[in-house]
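Data block below; observations after.
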Amino acid sequence: MRDFSTDHRWLSINTATVRRQHGTEVPLPEIIEACARHGIRAISPWRDQVAAAGLDNVARLVKAHGLELSGYCRGGMFPYADEAGMKAARDDNRRAVDEACALKAACLVLVVGSLPGALAGKAAHKDIQLARNQVTDAIGELLDYAGSMGMPLAIEPLHPMYAADRACINTLEQALDVCDELDPMRSGALGVAVDVYHVWWDPKLKAQIARAGKDRLLAFHVCDWLTPTADLLNDRGMMGDGVIEIPKIRRWAEAQGFTGYSEVEIFSTGNWWQRGTDEILSTCIERHRSAV
């Protein structure tokens, strides 16, 4: 396993980690400048942040600072209740691929969605298998387009607590089943994003990471699970502050040949989003060396 104790070459910052400070939204250009100032080599920005700053401007800043994108957040939200919803989701995901290509991202991360309307508070139906079928069909269609553009797609399974509204793919096994169905030749065009916050609890995790292998392990996200957790969405912990055995999971991934970035992705309304950008980034660097 790689030794991270003396440098942070393989640290990436998901820009959600520093997007809000003291109740104020931090513009993406400021985040990029701060990462460069701290010697951080990679980021993974969110689409709304890129839209606010301007795609061309973000691409220019990334290039000027010599940054890489460990991923791009996010595509997905595929399930639909009608034909208009299907078309809107598929058009939006093609745009996400285009943006990821413009920024030269390593992959487009997919949070696949679930029961249509549930995220807004009113599910159109309760048929989660229908939603899963729609997800598989939509990824299959998007894969053709993304493959023609040379942009890998990374399915991110989310913790089962999000099964109703954010993702009906909840285990690495489920995600890899979709990969095997749509890309049986393991072309490298379709794989998974392993976020330890979502999968650390899974008794099949080690075996499924081995099943994924190097060609399907496209992204690796880190943070920690706090006990108690005050908010299941917005109370993620800094690495080392919770119960996840992060180095063990990284060891499993690297045993398969994964050599990419460890991407810090923390949503934290009550703690880290109340601190300054420099403090957060300095802590990410220290914890990347000691707890990842």
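The values are calculated or read from the model by the stated rules, or taken from the named source; none is laboratory data. Being a predicted model, the structure only gives us computed values, none of them experimental. Virtual Cβ from ideal backbone geometry, glycine too; neighbours counted across all protein chains shown.
Among the residues of region 31-43, are any surrounded by fewer than 12 Cβ atoms within 10 Å (Cβ to Cβ) and either basic (Lys, Arg) or modelled with pLDDT under 95 (or both)? Before you say what the answer is, go through the steps one by one.
As a first pass, look at region 31-43 and keep what is surrounded by fewer than 12 Cβ atoms within 10 Å (Cβ to Cβ): none.
Within region 31-43 (the criterion being surrounded by fewer than 12 Cβ atoms within 10 Å (Cβ to Cβ) and either basic (Lys, Arg) or modelled with pLDDT under 95 (or both)), the answer is no, since none of the residues qualifies.
Among the residues of region 56-72, count how many are part of a loop (DSSP other than H, G, I, E, B) and of a type in the set (S, T, N, Q).
Total meeting the criteria: 1.
Taking Leu130, is it in contact with a helix residue (DSSP H, G or I) (Cβ under 7 Å, 6 or more places away or on another chain) and within 22 Å of Ala175 (Cβ to Cβ)?
For Leu130, the condition - in contact with a helix residue (DSSP H, G or I) (Cβ under 7 Å, 6 or more places away or on another chain) and within 22 Å of Ala175 (Cβ to Cβ) - is not met.
Can you tell me how many residues within region 191-236 are out of contact with any helix residue (DSSP H, G or I) (no Cβ under 9 Å at 6 or more places or on another chain) and among the small types (Gly, Ala, Ser)?
3
Say whether the condition of being surrounded by fewer than 19 Cβ atoms within 10 Å (Cβ to Cβ), in a helix (DSSP H, G or I) and without any contact (Cβ under 8 Å) to a residue 24 or more places away in the chain is met by at least one residue in region 122-135.
For region 122-135, residues surrounded by fewer than 19 Cβ atoms within 10 Å (Cβ to Cβ), in a helix (DSSP H, G or I) and without any contact (Cβ under 8 Å) to a residue 24 or more places away in the chain: present.
Please pick out the residue among Thr227, Thr283 that is polar (S, T, N, Q) and within 28 Å of Ala34 (Cα to Cα).
Thr283
It is to be established whether one or more residues within region 207-225 are among the hydrophobic types (A, V, I, L, M, F, W, C), at pLDDT 95 or above and farther than 30 Å from Glu141 by Cα.
Yes, there is a match, as at least one residue in region 207-225 is among the hydrophobic types (A, V, I, L, M, F, W, C), at pLDDT 95 or above and farther than 30 Å from Glu141 by Cα.
What are the residues in region 11-24 that are under 20 Å from the mean Cα position of the chain (by Cα) and surrounded by fewer than 19 Cβ atoms within 10 Å (Cβ to Cβ), if any?
The one that is under 20 Å from the mean Cα position of the chain (by Cα) and surrounded by fewer than 19 Cβ atoms within 10 Å (Cβ to Cβ): Arg20.
Scan (1) surrounded by fewer than 16 Cβ atoms within 10 Å (Cβ to Cβ); (2) touching a residue at least 12 places away in the same chain (Cβ under 8 Å); (3) not hydrophobic (A, V, I, L, M, F, W, C) for the single condition Lys248 breaks and write down its number.
All conditions pass for Lys248, except number (2).
Scan region 13-50 for residues that are assigned to a strand (DSSP E or B), under 18 Å from Gly276 (Cα atoms) and out of contact with any helix residue (DSSP H, G or I) (no Cβ under 7 Å at 6 or more places or on another chain) and jot them down.
Selection gives Asn14, Thr24, Glu25.
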